[in-house]
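Reviewing the structure listed below.
Taken together, the values in this text are just the output of simple stated rules run on the coordinates, not laboratory data. Owing to the predicted nature of the structure, the values given are computational and were not obtained by experimental measurement. So basically every Cβ, Gly included, is an ideal-geometry build from the backbone, and we count neighbours across all protein chains shown.
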Amino acid sequence: MKYGMNLLLWSGEVDEAMLPTLEKLKGMGYDGVELPMFNLDLDYAGLGKRLDDLGLERTAVTVRNVEDNPISPDAKVRAKGIELNKKTLDCCAAVGAQTLCGPYHSAIGHFSGSGPTQDEWGWGVDSMRAAAEHAGQVGVKLGVEALNRFECYFLNAHADSARFAREVNHPACGMMYDTFHANIEEKDIVGTLEEIKDVLCHVHISENDRSTPGAGNVNWEKNFSGLQKIGYDGWMVIEAFGMALPELAAATRIWRRMFYTELKLAEQGLAFMKSQVAKYRG
């Protein structure tokens, strides 16, 4: 198992000011960090060297919006989404990120008033296959993320994102599992994990209120025992949100502080993950 921390808890991009935090995360025992990939004009090769020096591996996360929606009825908008996904993958390769996760299959926070149409599904599969072909060329794995029904309408349940990845049908395309979204959408956690195990490549550990894992109401017994049952041994990354980024706080509906400090959350969250993995490995 590899343990990571998503850096969106601190910032939407990683710069020199983040280095002391990165050093502390390494000192806590993290294997790597998950990098926000929103600003695609940073020196990612240089950042990769800094992270190598610290001994931190990396994964990455990004999103798509209405103006670059890969399932838009407008072919030009879809093409822009494909282009940006490919450019993001180039940045991942430059920084040495192993996996690009996130809901870059469709526009986050955008709703049509109903579920996905057959056309949207087809556009989504075609768009993601184009991204997967590029991902294979640059050596990055795609981890497509389902979001709960309040954040998108295209992929909500993990069975949806698993079927989507299977239809993309490319070795560079898998899907990820997120305990926050599962807490809202899944009735059978253990059964869901069994159903998606063939395409599962990444896991987000996230509490029901997006704060310290283990301090809320997610059914951690079913999540960790289910992951153990299917033999999952990949990245396990904490995704927590606070008020450091006003635009992200607004998007994730975080109006109040729900943890002591970001570093304390990271420390307690890592200890919690390791204790649960050890518990269910027996």
Percent of all alpha-carbon pairs of segment 23-134 at distances over 24 Å, whole number, is 33
One finds, for LYS24 and GLU167 with R0 = 45 angstrom and r their Cβ-Cβ distance, a FRET efficiency to the nearest 0.05 of 0.60
With +1 at each Lys and Arg Cβ and -1 at each Asp and Glu Cβ, the charge dipole magnitude of segment 129-233 around its Cα centre, to the nearest 20 debye, comes out at 180
With the dipole of the chain defined by +1 on each Lys or Arg Cβ and -1 on each Asp or Glu Cβ, the option from TRP121, ALA45, TRP235 whose Cα lies farthest towards the positive pole is TRP235
Normalised per residue, the volume inside the convex hull of the alpha-carbon atoms of segment 155-232 in Å³ amounts to 84
In units of 2.2 N^0.38 Å, the Cα radius of gyration of segment 108-164 is 1.20
Taking the convex hull of the alpha-carbon atoms of segment 150-282 and averaging its shadow over every direction gives an area in square nanometres of 8.4
For the chain, the dipole about the Cα centre with charges only on Cβ (Lys and Arg +1, Asp and Glu -1), to the nearest 20 debye, works out at 520
Distance in Å, no decimals, from the C-alpha centre of segment 224-267 to the one of segment 73-90 is 28
Calculated from DSSP helices alone, with each H run of at least 4 adding -39500 (n - 2.57) and the total divided by the residues of the chain, [θ]222 nm to the nearest 500 comes to -14000 deg cm²/dmol
Under the 7 Å Cα-to-Cβ spin-label approximation, ARG149 and LYS49 lie apart by a distance in nanometres of 5.1
At the level of C-alpha centres, the distance separating segment 8-67 and segment 158-203, in angstrom, is 25
Cα-based Rg then Dmax for the chain, in Å, read 17.6, 53
